[in-house]
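One structure below.
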Amino acid sequence: MVFAGLVLANLLVYFVLIVPSSVRLSAGEKKYAELRKRHTEAVLFKKEKTLFTGIIAGVPAQKDMPILVKELVQTARRLNLKVEAINYDIPKSVSGELAMLSFSFPIEGRYADIKRFIYDTETSDRFVGIQELKLESAEKGRVKMNMKLVTYVKGQ
């Protein structure tokens, strides 16, 4: 009888105290793992936020567009390329928003100089991408190229 009473008390303690606490422990471990995951994501976001802030700071404003064009023209002239009329329209955007701006950049010169200009444009520190290239032969030994460049500008 005593033995049966002790077994019954042991089972009662097991099911009343041990089983619920192991369920709570399992739930606590899941919650802890979720919190660790969220903390890791928050730390990663905080690091990436500073990187994106630097990228956004490097995006030219609408008022800086003539400076970008001037730098491209100077690069082309340094490579002995003839630059024709550059056309661009600055899109209307809300202050702080980014807007995509594409513009034509027609040049003429030797093929090697044009090739170097393309390389310089692709590797520049500016956020300028080449969207389209059209090459035509011009007079002897010269090539005409019309580039369509794309960049992003911040609203005023």
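Taken together, the values in this text are just the output of simple stated rules run on the coordinates, not laboratory data. Keep in mind that this is a model prediction, so the values were computed, not measured. Cβ coordinates were reconstructed from backbone atoms using ideal geometry, including for glycine residues, and neighbour counts include every protein chain displayed.
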- Correct option for log10 I(q)/I(0) by the Debye sum over Cα atoms at q = 0.09 Å⁻¹ [calculated from the coordinates] among [x] -0.51; [y] -0.40; [z] -0.34: [x]
- Query: Expressed as a whole number of Å, what is the distance separating the alpha-carbon centroids of the stretch 1-44 and the stretch 102-133?
  - Reply: 66 Å
- Query: Quick one: if the Förster radius is 30 Å, what FRET efficiency do GLU122 and LYS47 give, using the C-beta to C-beta distance and rounding to 0.05?
  - Reply: 0.60
- Query: Cα axis of helix 19-58 to longest principal axis of the chain: angle in degrees, 0 to 90, nearest 10?
  - Reply: 10 degrees
- Note on the structure: Net charge (Lys, Arg +1; Asp, Glu -1) of residues whose beta-carbon lies under 12 Å from that of VAL43, VAL43 excluded, is +4
- Task: Return the percentage of antiparallel bridges among DSSP beta bridges fully within the chain, rounded to the nearest 5 %.
- Result: 95 percent
- Note on the structure: A correct fewest-to-most ranking of VAL83, VAL73 by other Cβ atoms within 10 Å would be VAL73, VAL83
- Rounded to the nearest 500, what is the 222 nm mean residue ellipticity of the chain from helices alone, with -39500 (n - 2.57) per DSSP H run of 4+ residues and division by all residues? -17000 deg cm²/dmol
- Query: Over the chain, what is the relative contact order in whole percent, taking alpha-carbon pairs under 8 Å and six or more residues apart?
  - Reply: 23 percent
- Task: Would you work out the relative contact order for the stretch 62-154, in percent, from Cα pairs under 8 angstrom that are 6 or more residues apart?
- Result: 31 percent
- 0 to 90° range, to nearest 10: angle between helix 65-78 axis and the chain longest Cα axis: 60 degrees
- Message: If the reach is capped at under 29 angstrom between alpha carbons, list the lysines near LYS31, excluding any in the same chain fewer than eight residues apart.
- Response: LYS46, LYS47, LYS49
- Message: Under a Cβ-only charge scheme (Lys and Arg +1, Asp and Glu -1), can you give me the dipole magnitude of the chain about the Cα centre, in debye to the nearest 20?
- Response: 200 debye
